[in-house]
1. Going through region 141-164 one residue at a time, which ones are touching a helix residue (DSSP H, G or I) at 6+ places or on another chain (Cβ under 9 Å) and surrounded by fewer than 22 Cβ atoms within 10 Å (Cβ to Cβ)?
2. Test residue 285 against the criterion of being at pLDDT 90 or above and over 27 Å from residue 79 (Cβ atoms), and give yes or no.
3. From 133, 198, 179, 167, which residue is more than 24 Å from residue 220 (Cβ to Cβ), surrounded by 14 or more Cβ atoms within 10 Å (Cβ to Cβ) and out of contact with any helix residue (DSSP H, G or I) (no Cβ under 9 Å at 6 or more places or on another chain)?
4. Would you pick out the residues in region 166-179 that are in contact with a strand residue (DSSP E or B) (Cβ under 9 Å, 6 or more places away or on another chain) and either farther than 15 Å from residue 48 by Cα or assigned to a helix (DSSP H, G or I) (or both)?
5. Report, by residue number, each residue of region 90-100 that is in contact with a helix residue (DSSP H, G or I) (Cβ under 9 Å, 6 or more places away or on another chain) and either surrounded by fewer than 19 Cβ atoms within 10 Å (Cβ to Cβ) or in a strand (DSSP E or B) (or both).
6. Going by the structure shown, is residue 181 modelled with pLDDT under 95 and within 17 Å of the chain's Cα centre (by Cα)?
7. Being part of a loop (DSSP other than H, G, I, E, B) and at pLDDT 95 or above narrows it down to one of 87, 83, so name that one.
8. In region 65-77, how many residues are loosely packed, with under 15 Cβ neighbours inside 10 Å and either in contact with a strand residue (DSSP E or B) (Cβ under 7 Å, 6 or more places away or on another chain) or at pLDDT 90 or above (or both)?
């Protein structure tokens, strides 16, 4: 009985700390595209890294709670969220209060936002070496392959943030019509098994993740796809994708739960940010190669803004 009460109280605390990810209406405030000429396609992305680490906090929400919410009301059509327990590992409790009778996340009934920062020991862009401190980051929920895609990837995300600290990489994304913002980020081991990850963005606040690593197994992903929703002049949204190809590495989650916060943003209510204990997804010791993904000629009526 005491354990059940503790779970409910913990879940209620997570509700206070994390509410706002679920459907907060904030408008769309991406940076204006600098160069986006469909008659002159962007050059190949040609970004590669070796000895890479990627990680960050990952919320775990229930997709459906009878009489409370259904995720379809949070993420617009045609996007359909995907289960995340394979990525985070088994979880002690959802990131906010679910049905109190089933506080433990159930396989097939989870979704959430991954707040990822990626660093590599060595980078090249267009075959030329980049600074060691080059970073890349993204935020978004894992989704199923949309109906307008002609191929699929192992993991796909509806990216609400794509970010980098390198000006040339930033420009290449904008040439392709993909909204990207400036950011800085660091991945630090505070102890051999404890990681602190900071990402500071120009337009979407700051992200902090702290967690103890829990090994899940070999990293089996070959391709991770990021779907961007670039705004067109008539206020529709065109889906454009970036494919991230991974080779080797180890897959980790957080031991029990880690800590995460997202501050300096209007995306969470009632404060300009949110934080609390949450899951994490972490990859280490892999090589990475970026390419453009599908860029279908469709227009979507709704934009998802985390």
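The values are calculated or read from the model by the stated rules, or taken from the named source; none is laboratory data. The structure displayed is predicted, hence computed values, not measured ones. Using ideal geometry, Cβ is built from the backbone for each residue, glycine included, and neighbour counts are taken over all protein chains shown.
1. Within region 141-164, just 155 meets the criteria.
2. Considered against the rule, which asks whether it is at pLDDT 90 or above and over 27 Å from residue 79 (Cβ atoms), residue 285 comes out as yes.
3. It is 198.
4. 167, 168, 169, 170, 172, 173, 176, 177, 178, 179
5. Result: 92, 100.
6. Yes: the conditions hold for residue 181.
7. 83
8. 1
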